[in-house]
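Note sheet for the following structure.
The values are calculated or read from the model by the stated rules, or taken from the named source; none is laboratory data. Worth saying up front: this structure is predicted, and the values here are computed from it rather than measured. Backbone-built Cβ (ideal geometry, glycine too); neighbour counts: all protein chains shown. Areas reflect the complete protein model, heavy atoms only, side chains present, ligands, DNA and RNA absent. Shrake-Rupley method; radii C 1.70, N 1.55, O 1.52, S 1.80 Å.
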Amino acid sequence: AQTVTQSQPEMSVQEAETVTLSCTYDTSESDYYLFWYKQPPSRQMILVIRQEAYKQQNATENRFSVNFQKAAKSFSLKISDSQLGDAAMYFCALHGNKLVFGAGTILRVKS
Amino acid sequence: SAVISQKPSRDICQRGTSLTIQCQVDSQVTMMFWYRQQPGQSLTLIATANQGSEATYESGFVIDKFPISRPNLTFSTLTVSNMSPEDSSIYLCSFLTSGGAYTQYFGPGTRLTVL
């Protein structure tokens, strides 16, 4: 079985500051992929960043980076220089034999 | 990446009726999926739409309630049958990229309200 846990229902960050969203997971698969998706009020699921489990190097995409700790089964997302447009629901997801989502974290950005 | 669209974007339906949601991808993809997102909740996989064969349903979802078609490699439909207010959700289609990248992209979703 695959599970994804996001323990922060809601987070707030001041514009231009940095915020980290937490995610832990569990899987029996040896090969898997981890993702962060963003869902703004428009409800479109937008891929933010992906990480292959076999890669030790943490993925980065512009202002978004992850801290992948494979032994601890942890996959946190760091957003640097937060912008108002970053406000959304963020879902952590795991693809082992299928894509499984966490419960989500609402991110609010204060101006 | 490929562009994926859904129709309708939203609908309000009466209980007991059915609604068919269409999903179109602008390039051929092997695997397509249908998800449900109930209000304030995460995404739950309904089924995997296989081209040329029956869809594979997840536990708790049945073909009679959610029939799926996949006539070709760019198109799929999901029908929500005999609707009740509990079916009010966002329904999203998704496809898996090929080449081993194992990344899923999502359509814009269909917001369904059942009265």
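For every residue, the table says whether it meets (1) among the aliphatic types (A, V, I, L, M); (2) more than 24 Å from A:S42 (Cα to Cα); (3) away from every other protein chain (no Cβ under 14 Å).
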site: B:S9; (1), (2), (3): no, no, no
site: B:S18; (1), (2), (3): no, yes, yes
site: B:Q41; (1), (2), (3): no, no, no
site: B:T44; (1), (2), (3): no, no, no
site: B:A49; (1), (2), (3): yes, yes, no
site: B:S59; (1), (2), (3): no, yes, no
site: B:K65; (1), (2), (3): no, yes, yes
site: B:R70; (1), (2), (3): no, yes, yes
site: B:F75; (1), (2), (3): no, no, yes
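What are the residues in the stretch A:51-73 that are within 19 Å of A:D26 (Cβ to Cβ) and open to solvent by 30 Å² or more (accessible area, probe 1.4 Å), if any? Walk me through how you get there before you give the answer.
Quick first cut of the stretch A:51-73, residues within 19 Å of A:D26 (Cβ to Cβ) only: A:51-54, A:66-73.
Those that are within 19 Å of A:D26 (Cβ to Cβ) and open to solvent by 30 Å² or more (accessible area, probe 1.4 Å): A:Y54, A:N67, A:Q69, A:K70, A:A71, A:A72, A:K73.
Just checking: which of the strands (runs of 3 or more DSSP E) contained wholly in the stretch A:46-111 hold 2 or more residues that are under 30 Å from B:T56 (Cβ atoms) and either within 14 Å of chain B (Cβ to nearest Cβ) or at pLDDT 95 or above (or both)?
Details: elements: A:46-52, A:64-69, A:74-79, A:88-95, A:99-101, A:105-110.
It comes to A:46-52, A:88-95, A:99-101.
Could you grab me the full set of residues in the stretch B:1-24 that are at pLDDT below 95 and buried (at least 16 other Cβ atoms within 10 Å of the Cβ)?
Once the filter is applied, which keeps residues that are at pLDDT below 95 and buried (at least 16 other Cβ atoms within 10 Å of the Cβ), the stretch B:1-24 yields only B:I4.
Is the stretch A:33-42 home to any residue that is free of Cβ contacts under 8 Å to residues at least 12 places away in the same chain, outside any strand (DSSP E or B) and more than 11 Å from A:K78 (Cα to Cα)?
Within the stretch A:33-42, the subset free of Cβ contacts under 8 Å to residues at least 12 places away in the same chain is A:42.
Filter once more, so that each one left must be outside any strand (DSSP E or B): A:42.
Filter once more, so that each one left must be more than 11 Å from A:K78 (Cα to Cα): A:42.
The answer is yes, given that some residue of the stretch A:33-42 is free of Cβ contacts under 8 Å to residues at least 12 places away in the same chain, outside any strand (DSSP E or B) and more than 11 Å from A:K78 (Cα to Cα).
Mind listing just one residue for me: the one in the stretch B:12-30 that is touching a Leu at 6+ places or on another chain (Cβ under 6 Å) and part of a strand (DSSP E or B) and, of those, farthest from B:Y105 (Cα to Cα)?
B:C13
Just the residues that are within 14 Å of chain A (Cβ to nearest Cβ) and open to solvent by 20 Å² or more (accessible area, probe 1.4 Å), please, taken from the stretch B:99-115. Even if it seems obvious, please write down each step before you answer.
So the first thing to find is which residues in the stretch B:99-115 are within 14 Å of chain A (Cβ to nearest Cβ), and the list is B:99-113.
Correct list: B:G99, B:G100, B:A101, B:Y102, B:Y105, B:P108, B:R111, B:T113.
Tell me yes or no: at least one residue of the stretch B:57-65 is part of a strand (DSSP E or B) and among the basic types (K, R). Lay out the reasoning, then the answer.
Kept after step one, since they are part of a strand (DSSP E or B), are these residues of the stretch B:57-65: B:57.
From the residues that got through so far, the ones that are among the basic types (K, R) too are none.
Among the residues of the stretch B:57-65, not one is part of a strand (DSSP E or B) and among the basic types (K, R), which makes the answer no.
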